[in-house]
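One structure is given below, encoded as structure tokens.
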Amino acid sequence: MPAQANVKVGIGLMLTGMLMFSLNDVMGKWLMGSYSVAQLMAIRSLSALVVLTPFLLRDGLARVWQADRPALQALRAGLLAVEGFGFYAAVAYLPLADVVTYWLAAPIYVAALAPLVLGERVPFAVWAAIALGFVGVVVALEPSADSLTPADGIAVLGSAAFAGAMLLGRKLRSTPDTVMVGWQIGGALIASGIILAFNTEAWQPTPPRDLMALCLLGVVAMLAHILVNRSFKHAEAAVVMPYQYSLLVWAIMFGAVFFADTPRPAMLLGAGLIVASGLFIARLNRA
């Protein structure tokens, strides 16, 4: 077991990483008022690639092209491209807290699919927690002809793609982090490039201030991933993972401050059920 001091460092890194992700979400929602998802993803990915390049050169570019199980690497990169496009498309129309709630349900999808995809045995108590989490998703969606929008559907699709990428990440856990991130950035660049090639109107002139903000998206997201990955070096996943739910607190706070979002009662109730389910699953996995 890690030393107590290391556990505290791991928790601190996870909390800081969640704050960085929240800042990334705020900037993305603000920029989506002026730019297309494809343009945002293209510039975000290019800036992230600039940050990653020194690490790729250090480890050797050949390791990226010669990665094990390239079909799974490509599938994971494609799912993460869908996840990225889905998140920014949804956040352009929905409050931050709503979108983050759907994304926090991804670990519940992973727990539900683990027996089918990874052959893992899931105890009855975990299935009960999974059922509670799915109830939370339905409550948060508040499905009705009047309240359910295409943006909600995009958010659910994006979070499901994220869950699929998490499952594949577990199957590819022996792959170096830089290699997996390199494939991830490459997938986003290819997807955004194809869209921009067939829809040139999706690219708008970018003033220097906005260009810096778009580039900062990639840098902030990269730093957030590094902080989260580093947190797992200091403490067990079951210890630090529950602190990812601080993302919802930041989303509610930043949504109210920057976008005057008022959380819906159904969203808060659904988020509570999702968080309770996720915490219970994490506790059972730790036992």
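Every number here is computed from the coordinates shown, using simple stated rules; none is lab data. Worth saying up front: this structure is predicted, and the values here are computed from it rather than measured. Backbone-built Cβ (ideal geometry, glycine too); neighbour counts: all protein chains shown.
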Proximal aspartates and glutamates relative to LYS233, as straight alpha-carbon distance under 16 Å, when same-chain residues fewer than 8 apart are discounted: ASP177
Quick one: which of 15-27, 126-138 comes out on top by average Cβ neighbours within 10 Å, and what's the full order, highest first? 15-27, 126-138
Translational D (Stokes-Einstein, µm²/s) of the stretch 1-156 at 10 °C and 1.306 mPa s when Rh comes from the Kirkwood sum over C-alpha pairs? 85 µm²/s
For the stretch 182-287, what D do you get in µm² per second when you plug the Kirkwood radius from alpha-carbon pairs into Stokes-Einstein at 37 °C and 0.692 mPa s? 187 µm²/s
Among [x] 1.21; [y] 0.92; [z] 0.99, which one is Cα Rg over 2.2 N^0.38 Å computed from these coordinates? [z]
Separation between Cα centres of the stretch 210-287 and the stretch 18-91, rounded to whole Å: 18 Å
Separation of the VAL257 and ILE190 label points, Cα + 7 Å toward Cβ, nm: 3.9 nm
Checking understanding here: applying a Kyte-Doolittle mean of at least 0.0 and a length along the axis of at least 27 Å (C-alpha), which whole DSSP H helices in the chain pass? 4-31, 37-59, 70-91, 150-171, 177-198, 208-234, 265-286
